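Enquirer: Here it is, the structure, as structure tokens.
The values are calculated or read from the model by the stated rules, or taken from the named source; none is laboratory data. No experiment lies behind these values; they were computed from the predicted model shown. Don't worry about glycine lacking a Cβ; one is built from the backbone with ideal geometry, like all the others, and counts go over all protein chains shown. Ligands, DNA and RNA are excluded from the accessible area calculation, which covers all protein heavy atoms including side chains. Shrake-Rupley method; radii C 1.70, N 1.55, O 1.52, S 1.80 Å.
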Amino acid sequence: MSSSTLWRHPEFAAGARETRDVALGIGAWGLVAGVAMSKAGLGAAIAIAMSLCVFAGSAQLAALPLMVQGAPLWVIWATAFCVNLRFVIFSAGWRPYLRSLPRAQRLFVAYFTVDFTYIAFMRRFPQPGDVRAQLAYLAGNIVVSWIAWQAMTILGVVLADVIPERWGLGFAGTLALLGITASLLVDCATWTAAAVAACAAFAAFALPFHLNIVVAIAAAMAVGVLIDQFAPPRRAAAASEDAA
Amino acid sequence: MTRGFFVIPDREVPIPGWLREALRYAPLAALVAVIVPEIAMSDGHLVGTWKDARLYAAAAGVLVFVTTRSLLGTILAGTAVLLALRLGLNW
């Protein structure tokens, strides 16, 4: 990607400007992630490295308690993967836009594209078109959100050392995940799936290796599919989506 | 990984319909399974007391989210309740 010319493209400024408006939210989220990582007992260097490598707020926050309690790597992986499954859906959406790029560049873009990038991009370019303009817009968007996130995460890591453990600031990470969870509870099926997941996570808590999380995911998915089978209106909606 | 999932292969990948339906519930389930023990369990047991600041912080967070749909507000309200109960009442 010849970045020197992307900088000058008018779409770069457009992408940067639109992202600036949500940078406060991105930054606050990064601050929470930074504090949570530090409070979880990762050293400052590791916490910052994790943030730079992973760049995935919710998956990072969900993985933290598991890392602290010494869950096996594959369970941490599976959990982070499931939390970030929405990006699998998004990546299917990215495909038509990025198809003309080589694979290395596609992956490079994929690392940087977070929720807001996707939403803003799809709003600006409803149809795949001028690749240069799209890349320039993406670059502007990404530069601002990446810097806002990383700077605030590092600030959070540093601040966390100063704030006493008792204040329970690490809990802010759980609260953030709680908010995301609440946003996913949109209908009867999702409520039921969530209740099943909660019960399964409790009931199977005694299992070793945090397998209770895997059990909860499997149970909730099974119940969700069952509800969809027995709820005709939902199914019709899903089927029309498939057709489109 | 997840963000790149469908841009990795060069050719189109078909997804069966039932799997796509099931995947709708996976993120929700993973989140619930992670946060429920964080909020309501300690040392592997359901908390036995109502004097646990985390319960009220979570309730405040949900309340704020339901009324304002603001993630930032959720975090701030929950943290405020947690701090007040921890420092004020020593819960």
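Enquirer: Which residues, counting only those in segment A:197-214, are facing chain B (nearest Cβ under 8 Å), part of a helix (DSSP H, G or I) and surrounded by fewer than 24 Cβ atoms within 10 Å (Cβ to Cβ)?
Expert: A:Ala198, A:Phe202, A:Asn212
Enquirer: Moving on to the next point. Helices (runs of 4 or more DSSP H) wholly in segment A:1-74 with at least 1 residues that are modelled with pLDDT under 70 and hydrophobic (A, V, I, L, M, F, W, C) - which ones? Outline the logic, then answer.
Expert: Numbers: elements: A:3-8, A:10-20, A:23-39, A:44-54, A:57-68.
Correct list: A:23-39, A:44-54, A:57-68.
Enquirer: Shifting gears a bit: Which residues, counting only those in segment A:175-196, are closer than 30 Å to B:Ala80 by Cβ, part of a helix (DSSP H, G or I) and more than 7 Å from chain B (Cβ to nearest Cβ)?
Expert: Matches in segment A:175-196: A:Ser183, A:Trp191, A:Ala195.
Enquirer: Suppose the filter is open to solvent by less than 70 Å² (accessible area, probe 1.4 Å), more than 7 Å from chain B (Cβ to nearest Cβ) and modelled with pLDDT under 80; does A:Gly168 pass it?
Expert: Values: open to solvent by less than 70 Å² (accessible area, probe 1.4 Å): yes; more than 7 Å from chain B (Cβ to nearest Cβ): no; modelled with pLDDT under 80: yes.
It is false that A:Gly168 is open to solvent by less than 70 Å² (accessible area, probe 1.4 Å), more than 7 Å from chain B (Cβ to nearest Cβ) and modelled with pLDDT under 80.
Enquirer: Now for a different question. Does B:Arg54 satisfy the criteria of being farther than 24 Å from A:Leu66 by Cα and at pLDDT below 85? Outline the logic, then answer.
Expert: Details: farther than 24 Å from A:Leu66 by Cα: no; at pLDDT below 85: yes.
So B:Arg54 does not fit the description; no.
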